[in-house]
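J.: Please read through the structure below; I'll follow up with questions.
The values are calculated or read from the model by the stated rules, or taken from the named source; none is laboratory data. Keep in mind the model is a prediction, meaning the values are calculated, not measured. Note: ideal-geometry Cβ built from the backbone for every residue, glycine included; neighbour counts use all protein chains shown. Only protein heavy atoms, including side chains, enter the accessible area calculation; ligands, DNA and RNA are left aside. Shrake-Rupley method; radii C 1.70, N 1.55, O 1.52, S 1.80 Å.
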Amino acid sequence: QVQLVESGGGLVQPGGSLRLSCAASGNICSINATGWYRKAPGKQCELVAAIPRGGSTNYTDSVKGRFTISRDNAKNTVYLRMNSLKSGDTAVYYCNARGVLTAPLRDFASWGQGTQVTVSS
C-alpha cells in the first residue's frame, strides 16, 4: 500500500503564495503519474495540475501561469507551487498518484488526505 502525506496548506491573502507538498511512501517501484485535484464547497471537483513521469505538465485553464507542478522522483514527492492566489482558489487540495508496487509487481492508485487552502483578506 502507498501512503500519500500532504502538507503546505493554510490561510493566505489574495496575491500571496503557497507551496503544497505530497510525499509518497511504501513499497514503490515507480510512480508513473501524479496530480493535484481540488474541491470547493458547492463546486465540482477538478483536476488542477498533472505531471506524468517523463512527459509534459497539464493545468486547468484557471491556474495557468500562476501554478507550477513539479516532482522529485528520488524523493517520491510532488509539489504544487501556487502564486498570485485568488479567493476562487480556496478549496481542499488532494494529491493523487498512480504507479507500480514491488514484490509482487502490481498497480496502485492512492490519494492524500487533503489539505485546506484558504485565500482571504
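J.: Starting from residues that are open to solvent by 50 Å² or more (accessible area, probe 1.4 Å) and in contact with a strand residue (DSSP E or B) (Cβ under 8 Å, 6 or more places away or on another chain), keep the ones in segment 78-89 and report whichever is nearest to LEU4 (Cα to Cα). Break it down into steps so the answer makes sense when it comes.
T.: Step one: of segment 78-89, the residues open to solvent by 50 Å² or more (accessible area, probe 1.4 Å) are 81, 83-84, 86-87.
Now restrict to residues that are in contact with a strand residue (DSSP E or B) (Cβ under 8 Å, 6 or more places away or on another chain): 81, 83, 86-87.
Numbers: ARG81: 18, ASN83: 23, LYS86: 26, SER87: 26 Å.
Only one residue tops the list, namely ARG81.
J.: Show the residue pairs meeting these rules: Cβ distance below 8 Å; 6+ apart or different chains; first residue within segment 1-29 and closer than 12 Å to THR115 by Cβ and in a strand (DSSP E or B); second residue open to solvent by 50 Å² or more (accessible area, probe 1.4 Å) and of a type in the set (Phe, Trp, Tyr).
T.: From segment 1-29, the pairs are LEU4/TRP111; GLU6/TYR94.
J.: Which of the residues spanning segment 1-23 are under 17 Å from PHE108 (Cα atoms) and either modelled with pLDDT of 95 or more or open to solvent by 20 Å² or more (accessible area, probe 1.4 Å) (or both)?
T.: Those that are under 17 Å from PHE108 (Cα atoms) and either modelled with pLDDT of 95 or more or open to solvent by 20 Å² or more (accessible area, probe 1.4 Å) (or both): GLN1, GLN3, LEU4, VAL5, CYS22, ALA23.
J.: For segment 30-85, what are the residues that are assigned to a loop (DSSP other than H, G, I, E, B), touching a residue at least 40 places away in the same chain (Cβ under 8 Å) and of a type in the set (Gly, Ala, Ser)?
T.: Those that are assigned to a loop (DSSP other than H, G, I, E, B), touching a residue at least 40 places away in the same chain (Cβ under 8 Å) and of a type in the set (Gly, Ala, Ser): ALA40, SER84.
J.: Sticking with this one: Do you know which residues across segment 86-120 are of a type in the set (Ser, Thr, Tyr), modelled with pLDDT of 95 or more and in a loop (DSSP other than H, G, I, E, B)? Can you show your working first?
T.: Initial filter on segment 86-120 (of a type in the set (Ser, Thr, Tyr)): 87, 90, 93-94, 102, 110, 115, 118, 120.
Filter once more, keeping what is modelled with pLDDT of 95 or more: 87, 90, 93-94, 110, 115, 118, 120.
If the condition is that a residue be of a type in the set (Ser, Thr, Tyr), modelled with pLDDT of 95 or more and in a loop (DSSP other than H, G, I, E, B), then THR90, SER120 are the ones that fit.
J.: Just a yes or no: is a residue in segment 35-55 among the charged types (D, E, K, R), touching a Phe, Trp or Tyr at 6+ places or on another chain (Cβ under 6 Å) and within 23 Å of GLN3 (Cα to Cα)?
T.: Pass one, segment 35-55, residues among the charged types (D, E, K, R): 38-39, 43, 46, 53.
Checking which are touching a Phe, Trp or Tyr at 6+ places or on another chain (Cβ under 6 Å) leaves us with 38.
Still in the running and within 23 Å of GLN3 (Cα to Cα): 38.
Yes.
J.: Still on this model: Which of the residues that make up segment 60-77 are surrounded by fewer than 18 Cβ atoms within 10 Å (Cβ to Cβ) and under 12 Å from the mean Cα position of the chain (by Cα)?
T.: Going through segment 60-77, the residues surrounded by fewer than 18 Cβ atoms within 10 Å (Cβ to Cβ) turn out to be 60-62, 64-66, 68, 70, 72-75.
Across segment 60-77, the qualifying residues are THR68, SER70.
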